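Presented below is the structure to which this report refers.
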Amino acid sequence: MTALKTLAIANYRSLRELIVPLAALNVVTGPNGSGKSSVYRALRLLADTAQGRVIPSLAREGGLPSTLWAGPERFSRAMLAGEAPVTGTVRSGPVSLKLGFACDDFGYSIDLGLPLPSHSQFALDPVIKRECIWGGAVPRPSTLLVDRQGAQIRARTASGDWQTIPQPVASFDSMMTEFADPTGAPEMIAMRERIRSWRFYDHFRTDAQAPARQSQIGTHTPVLADDGADLAAALQTIREIGDAAALDAAIDDAFPGASVEIDNPGGRGRFDVLMRQPGLLRPLAAAELSDGTLRYLLLAAALLTPRPPALMVLNEPETSLHPDLLPALGRLIAQAARHAQVLVVSHAARLIATLEREAGCESLVLDKQLGATALVDADSRDLPAWKWPSR
């Protein structure tokens, strides 16, 4: 699976214009409030386009007015130099929230804006103004393969000509879910399935009532659920059809001498996680494990999946982990990056240091200038080329 090479975001929260390079292993870091969580949310919004959920997801964040960049459309030189106060300017472009990415083979972008004034009860819903899929890493008019402007979609034929799709698409529907033609636009299906394979793990529950602490019906589970409810089944699946040796090594790396086993009392198909530790006469059940230990097991189950995704995104995986566990977690993440592209959002120094020691790790340090998130040392980097398709 071809990895993402470029992530582009414009006018989403503090991400006024952010274009970053991506590698197989990426770590996004920076001070509190620098925009790390906004990068994570933007990636989730991109994933929602392939599920038909991008408009509802924006609505849950407060709608387009709440998620748009709150600063001026542009900064003058005097503003940037601190010689003049930041003031609003006369808008020259449309209100627009844009998300996009590019791989070596395909790229995708979506442009959301305000609806026309109406008396509809849904008048606050953002609308999709333009969506594009292109060939190659750089968006250009000559490389467009599928192009949606307003309600109309057109796709290139095998001869290179444009074919207009007769059925219009609603302003709140992505073409990713409304148009599927394996003959006329195979790129659409390939892109949609690639995005649908992305996985996001964000703050597993580890409280006393957490699903991961309870007995669960066990079936083959090559992909851990995002709430970790099927932890026992996921661990047993790794042991039977995945890399059992890697699982054992990851547990021993974090908890020397410890091991994990899955109990199936009476063979009734309800699985329990048990952990054996040196010096104890019996194994500990999941309900007895500390929050940090349980979270590490959840992360191990996610990262050692027998079915690697195109992209795995971890948001602050260090939460509730003891600092001494972070190097082991970093090594586990690095191992997962050999089979899937991984992006980690973190501010834990020990985890970041472990990841940055890995060859080819892309370290993306964010900071803010006049409220806008920027990539530190962007001027000295070889940033990827990018140009947003116009409306």
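Data table
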{"item": "Three-way shape label, region 106-209, alpha-carbon gyration tensor, a/c 1.5", "result": "oblate"}
{"item": "From the coordinates shown, P(r) over Cα pairs in 10 Å bins from 0, in percent corresponds to which of (1) 5, 21, 28, 23, 15, 6, 1, 0; (2) 5, 22, 32, 24, 13, 4, 0; (3) 5, 18, 19, 19, 16, 12, 7, 3, 1, 0", "result": "(1)"}
{"item": "Accessible area, probe 1.4 Å, largest first, for residues H119, H220", "result": "H119, H220"}
{"item": "Per-residue SASA entry for E73, accessible area with 1.4 Å probe, Å² rounded to 10", "result": "60 Å²"}
{"item": "DSSP bridge pairs, region 188-314: antiparallel proportion in percent, nearest 5", "result": "75 percent"}
{"item": "Estimated vicinal HN-Hα couplings, Hz - region 246-257 in sequence order (Karplus 6.51, -1.76, 1.60; Gly, Pro = x)", "result": "5, 5, 4, 5, 5, 5, 5, 5, 7, 10, x, x"}
{"item": "C-alpha long axis of helix 291-303 to longest principal axis of the chain, angle in °", "result": "60 degrees"}
{"item": "Accessible surface ranking that places the most exposed of T305, T87 first, with a 1.4 angstrom probe", "result": "T87, T305"}
{"item": "Residue-span extension gain [S159 to T87] - 0.36 nm each, minus C-alpha spacing", "result": "20.9 nm"}
{"item": "Cα principal axis extents for region 222-357, largest first, Å", "result": "45, 33, 25"}
{"item": "J(HN,Hα) series, region 370-384, from Karplus relation 6.51 cos²θ - 1.76 cosθ + 1.60, nearest Hz, glycine and proline x", "result": "6, x, 9, 6, 9, 7, 4, 6, 4, 5, 9, 9, 8, 6, x"}
{"item": "Within the accessible area of region 282-391 (1.4 Å probe), percent carbon and sulfur", "result": "48 percent"}
{"item": "Helix-only [θ]222 nm of the chain, DSSP H runs n ≥ 4, -39500 (n - 2.57) each, per residue, nearest 500", "result": "-7000 deg cm²/dmol"}
{"item": "Separation of the N264 and R381 label points, Cα + 7 Å toward Cβ, nm", "result": "4.7 nm"}
{"item": "Region 188-228 shape via C-alpha gyration tensor axes, a/c threshold 1.5", "result": "oblate"}
{"item": "Amide H within-cut-off set for K129, under 5 Å, with H built and near neighbours excluded", "result": "D111, L112, G113"}
{"item": "Largest-first ordering by accessible area, 1.4 Å probe, given options R276, R148", "result": "R276, R148"}
{"item": "Rounded to the nearest 10 Å², the accessible area of K368 at probe 1.4 Å", "result": "90 Å²"}
{"item": "Proximal lysines relative to K368, as straight alpha-carbon distance under 28 Å, when same-chain residues fewer than 8 apart are discounted", "result": "K5, K36, K98, K387"}
{"item": "Principal-axis tilt of helix 186-196 within the chain, Cα atoms, nearest 10 degrees", "result": "50 degrees"}
{"item": "Sulfur and carbon atoms: percent of accessible area, region 51-154 [1.4 Å]", "result": "58 percent"}
{"item": "Residue-normalised accessible area of region 148-303, expressed per residue, 1.4 Å probe, Å²", "result": "47 Å²"}
{"item": "³J(HN,Hα) computed for each position of region 96-108 - Karplus, 6.51 cos²θ - 1.76 cosθ + 1.60, integer Hz, glycine/proline x", "result": "8, 10, 10, 10, x, 8, 9, 10, 5, 9, 9, x, 8"}
{"item": "Rounded if a/c under 1.5, otherwise prolate or oblate - region 1-117, Cα gyration tensor axes", "result": "oblate"}
{"item": "Cβ-Cβ FRET estimate between H322 and L280, R0 fixed at 22 Å, reported to 0.05", "result": "0.70"}
{"item": "Portion, in percent, of the accessible area of region 169-247 that falls on carbon or sulfur, probe 1.4 Å", "result": "50 percent"}
{"item": "Cubic angstrom per residue, convex hull over Cα atoms of region 163-204", "result": "82 Å³"}
{"item": "Linear extension gain, T2 paired with L116, 0.36 nm per residue minus alpha-carbon span", "result": "37.2 nm"}
{"item": "Helix 231-241 vs. the chain, principal-axis angle (Cα, 0 to 90°, nearest 10)", "result": "80 degrees"}
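The values are calculated or read from the model by the stated rules, or taken from the named source; none is laboratory data. Being a predicted model, the structure only gives us computed values, none of them experimental. Cβ sites come from the backbone with ideal geometry, for glycine too, and all protein chains shown count toward neighbours. Surface areas here come from the heavy atoms of the whole protein model, side chains and all, with no ligands, DNA or RNA. Shrake-Rupley method; radii C 1.70, N 1.55, O 1.52, S 1.80 Å.
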